[in-house]
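For reference, the structure is listed below as structure tokens.
The values are calculated or read from the model by the stated rules, or taken from the named source; none is laboratory data. Just so it is clear, the structure is predicted and the values come from calculations on it, not from any experiment. Virtual Cβ from ideal backbone geometry, glycine too; neighbours counted across all protein chains shown.
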Amino acid sequence: MKNKLRIDFSKNTKLAYYLVNIFKLLIPDIFFRKRVDIYLNNRDDMKYILQRVNYYNKIDVNFSPSQTVTITKPLWTESP
């Protein structure tokens, strides 16, 4: 019975993949957002990055839907 329950890590198992991703789901999203903010604020080439973002993401006019649009589902739900 003990041999059947043993996990062989030399084979290609998915256990490590699932454990890492479960851990990522348990960590709050705010932790990752703060890490990205810290990383971006410490960059020396921030001006260059903003120029690249502006080049690839040119938005001249704000989007507003027409008045006849029907909302079927709210975008954000309030927490209880």
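Kindly indicate the residue of region 37-46 that is at pLDDT 85 or above and surrounded by 10 or more Cβ atoms within 10 Å (Cβ to Cβ) and also farthest from Asn21 (Cα to Cα) among those meeting that condition.
Among residues in region 37-46 that are at pLDDT 85 or above and surrounded by 10 or more Cβ atoms within 10 Å (Cβ to Cβ), the one farthest from Asn21 (Cα to Cα) is Met46.
For Ile49, work out the one condition from (1) modelled with pLDDT under 85; (2) among the hydrophobic types (A, V, I, L, M, F, W, C); (3) surrounded by 10 or more Cβ atoms within 10 Å (Cβ to Cβ) it doesn't fulfil.
Condition (1) is where Ile49 drops out.
How many residues are part of a loop (DSSP other than H, G, I, E, B) and more than 14 Å from the chain's Cα centre (by Cα) if we restrict to region 21-44? Lay out the reasoning, then the answer.
Of the residues in region 21-44, the ones part of a loop (DSSP other than H, G, I, E, B) are 27-28, 42-44.
Of the ones still in play, those that are also more than 14 Å from the chain's Cα centre (by Cα) are 42-44.
Selection size over region 21-44: 3.
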